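This report concerns only the one structure given below.
The values are calculated or read from the model by the stated rules, or taken from the named source; none is laboratory data. Bear in mind that the values here come from a model prediction, so they are computed numbers and not experimental data. Cβ placement follows ideal geometry from the backbone for every residue including glycine, while neighbour counts extend to all protein chains displayed.
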Amino acid sequence: MLADSLERHGFQVERGEIFGILGPNGAGKTTVVECLQGLRRADGGSLRVLGLDPRDHAAEIRRRIGSQLQESALPDRIKVWEALDLFSSVVPGGRDWAAAMEQWGLASKRNATFGSLSGGQRQRLFVALALVNDPEVVFLDEMTTGLDPASRRVAWDLIRRMQDRGTTVVLVTHFMDEAENLCDRLAILNDKRLIALDTPSGLISGHTTTVRVLFSTDQTDLTWLDSVQHVTAVQRTGDHVKVEGTGPVLAFVAAALVDHGIAPTDLRVKRADLEDVYLALTGTGGSA
């Protein structure tokens with residue numbers, strides 16, 4: 001069971017950090033955040049949010065957290081100010097919704113309907129609604145799914161601004177660049193088990209040492225590259241060559257290329273990234 005696995009290999013989110021949760025479809029990401037919010041009852045294990053068990057104190061926890069769920073939506077005809085006013089009215093002691101509207105760049109869209117908003121504007125509204133009760137912790141479940149690149153960048157800025165306000169952010173995502181750029185630490189789930197927990201850089205350095213050297217050449221015979229020190233594999237597609245290796249492989253490959261009369265102008269190195277680690281740990285070939 002997911003709860004049993006997390007109990008044996010649990011995690012703790014530190015105050016003020018952006019904590020990411022990664023995993024393939026069906027790994028249990030959404031289940032975890034729904035259990036933490038008291039939206040789903042865990043079948044075992046130990047859960048605490050702000051010191052409270054969501055199975056017994058769900059109502060109190062919800063007053064102190066914010067949430068943007070995976071399937072967030074509003075009626076198309078509701079206006080921006082109406083949505084903020086509605087959410088603010090059900091939270092005693094919440095923030096002034098007009099100030100929240102201004103802070104999140106929605107003042108010019110005050111009277112716009114939800115259905116008329118762009119993807120980035122909708123995300124701004126969802127963030128404002130999630131923060132209208134001035135939460136200590138906010139849960140964001142695949143917040144940027146379906147957004148174009150520009151809107152995703154807007155969402156990233158919003159998430160960083162949440163942290164700057166002192167809010168703890170728990171972020172479920174399936175974008176590796178998002179996790180690597182935003183998160184202070186990451187938990188990777190697979191088959192309903194916690195399989196890795198570290199900073200993005202710690203995961204990368206701790207689980208892979210592969211270095212890729214990339215360049216282009218029209219020279220046909222490159223079999224000698226296999227014998228270059230630190231080289232573990234050579235792949236070629238047309239004029240494009242990818243050499244995989246470890247340690248100082250770039251220096252050895254560069255020297256060997258010059259020795260063979262090749263001086264590519266596009267010689268570059270690509271070190272392992274979070275996606276490489278994720279695929280190695282989960283054994284998946286698709287997205288999270």
> Checking D76 against (1) modelled with pLDDT of 90 or more; (2) surrounded by fewer than 17 Cβ atoms within 10 Å (Cβ to Cβ); (3) over 30 Å from G115 (Cα atoms), which test does it fail?
Replying inline: (3)
>> Return the residues of the stretch 179-211 that are touching a residue at least 60 places away in the same chain (Cβ under 8 Å), surrounded by 14 or more Cβ atoms within 10 Å (Cβ to Cβ) and of a type outside the set (A, V, I, L, M); say none if nothing qualifies.
In response: E180, C183, D184, R185, N190, D191, K192, R193, P200, H207, T208, T210
>> Of everything in the stretch 49-73, what is of a type in the set (A, V, I, L, M, F, W, C), part of a strand (DSSP E or B) and either within 18 Å of A128 (Cβ to Cβ) or not assigned by TED's automatic domain parsing to the domain that holds V172 (or both)? Give them in sequence order.
In response: I65
> Could you count how many residues in the stretch 132-171 are closer than 24 Å to V49 by Cα and not aromatic (F, W, Y)?
Replying inline: 25
>> Would you confirm, using the coordinates I've provided, whether V138 is at pLDDT 95 or above and among the β-branched types (V, I, T)?
In response: no
> Which one is modelled with the lowest pLDDT among residues in the stretch 20-51 that are surrounded by fewer than 22 Cβ atoms within 10 Å (Cβ to Cβ) and in contact with a strand residue (DSSP E or B) (Cβ under 8 Å, 6 or more places away or on another chain)?
Replying inline: T30
>> Can you pull out every residue in the stretch 237-247 that is farther than 20 Å from H207 by Cβ and not polar (S, T, N, Q)?
In response: G238, D239, H240, V241, K242, V243
> In the stretch 100-127, which residue that is of a type in the set (A, V, I, L, M) and modelled with pLDDT of 85 or more is farthest from the chain's Cα centre (by Cα)?
Replying inline: A112
